[in-house]
Structures are given as structure tokens and as C-alpha cells.
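S.K.: My questions all concern the structure below.
Every number in this text was worked out from the coordinates using simple rules, so none of it is lab data. Quick caveat, the model's predicted, so the values are computed rather than measured. As a convention, Cβ positions derive from the backbone with ideal geometry for all residues, glycine included, and neighbour counts pool all protein chains shown.
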Amino acid sequence: MYWVRIQKFLDPMGSNGADCSYFEDLPRSTTEDQLREAICRTIGLENISPLSLHIELNKQANNACVIACDAARKWATQSFLYLENKSVSKKENLTCRLLLRPIPESYKIDTTVNHTMFNNKAKMIKHRHDNLILEISDKNIFDYCLRVGALRINDRTSLIMTIYTPFSDPEEREIDSDTWYESEMFRYQPDIMQFV
């Protein structure tokens with residue numbers, strides 16, 4: 001689905017010179033319009049056609065893909081933009097984040113990070129409760145981990161490996177129109193007692 005939306009901007013040979021870049025860890029409140037305005041401000045243009053500047057915002061993963069061509073091609077020369085008065089770096093690729101669980105309480109995290117499966121390409125992002133989030137710097141290793149789906153750490157313990165997205169992490173979720181007011185809230189009766 002995602003590729004179908006952007007395919008009209010990229011021919012099979014890639015000869016149109018479109019620039020594809022990404023933003024990660026965006027605030028949940030970020031909108032496509034805010035990104036478009038910030039990019040336009042950064043490159044000094046006011047109105048850019050959606051055919052020249054295409055933005056796909058993924059609210060669940062807090063990231064965005066930006067494809068710029070024609071009049072918006074100046075965007076390729078920029079490395080960041082200001083969004084809500086904060087500098088946000090542009091990336092060439094999305095970060096590969098892996099969620100491992102359940103991590104035993106007595107287990108040494110370094111043993112997992114340094115496991116041979118990761119070939120020294122893993123870095124700890126966060127350890128909370130029985131969840132461990134790793135950044136894997138090699139896409140092939142990341143894909144292999146997802147295919148395998150589990151990491152055996154000893155004869156009795158295996159860790160489940162899945163792709164990490166902030167949306168799948170309850171502690172990273174914010175209550176807003178996407179996560180509550182326009183989706184979940186309608187499933188409940190207007191009675192506070194069901195939450196007590």
C-alpha cells in the first residue's frame with residue numbers, strides 16, 4: 001500500500017531525481033501539514049504541489065517519508081528542519097529497532113547486545129521491565145532476526161524478537177485523537193466506573 005502511493009513519483013530506473021528521506025521519533029501531535037510547512041520554510045518556497053513534495057506520515061510509528069522532486073528538489077540539499085522550534089534531522093534510512101521480550105530480571109543485558117546473532121551491530125536503546133529495545137545497524141541482520149523471531153540465550157530461555165514501533169509500546173502512547181478520541185473512546189459507555 002505504502003509503495004503504491006509513492007510509485008507515481010519514482011520510475012523503475014530512478015531517473016527523475018526524486019529525493020527520498022525520512023524523519024523518525026516525531027512528536028505524536030505532528031501533522032502532515034506541519035511537516036509540509038516546515039519543509040517549505042526550510043527551502044524558501046511557499047506553495048509546493050503535492051506532486052513535487054509528497055509526505056507519508058505514519059502516526060503509529062511516529063515517522064514520515066518525504067519524496068521531493070521538481071520544484072521541491074532543493075530539499076535534497078538540506079539535512080534538518082525546525083518543527084515546533086526544535087531541530088529534527090533528516091535521515092536517508094529508517095532505523096531498524098528490535099523488541100526483545102521477556103528479559104529475565106537477573107539477565108545481563110550485555111549478553112544479549114553482544115550475542116553472535118547481532119554480529120556487533122546491536123546497540124541498546126531502552127530496557128524497561130521485561131522489554132529490551134535494540135537498534136540494529138545492519139538491515140540484513142535485522143531482517144534475519146525478524147525471520148527467525150526468537151533468540152535462544154540458554155537451554156531454558158528464549159527471547160521473542162519483533163519489530164519495535166512506539167505504537168506497540170503502551171508507555172510511549174499518548175492520548176490524542178488518533179489513539180483515543182476518534183477510535184477507542186467510542187467503544188465505551190460514558191461511565192467512569194468501568195475504568196476504576
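S.K.: What ranking do TYR107, TYR164 get, fewest neighbouring Cβ atoms within 10 angstrom at the top?
M.R.: With the fewest neighbours first, TYR107, TYR164 line up as TYR107, TYR164.
S.K.: Give, in nm to one decimal, the length gained when the segment between ARG73 and GLN60 is fully stretched (0.36 nm per residue of separation minus the Cα-Cα distance). Don't skip to the answer; put the middle values down first.
M.R.: Numbers: separation 13, 0.36 × 13 = 4.68 nm, distance 2.76 nm.
Full extension from ARG73 to GLN60 adds 1.9 nm.
S.K.: To make sure I understand the rule: partners must be lysines, Cα under 19 Å from the Cα of LYS123, and not fewer than 8 residues away in the same chain. Which ones qualify?
M.R.: Candidates past the 8-residue exclusion: LYS91, LYS108, LYS139.
S.K.: If you don't mind, there's one more thing I want to ask. Measure off 7 Å from each Cα along the Cα-to-Cβ vector at HIS129 and SER49, then give the distance between these two points in nanometres to one decimal.
M.R.: With each label point 7 Å from Cα toward Cβ, the separation is 5.0 nm.
S.K.: Under a point spin-label approximation (7 Å from Cα along Cα-to-Cβ), what is the ASP110-SER158 distance to one decimal in nm?
M.R.: Taking the simple label geometry, ASP110 and SER158 are separated by 2.8 nm.
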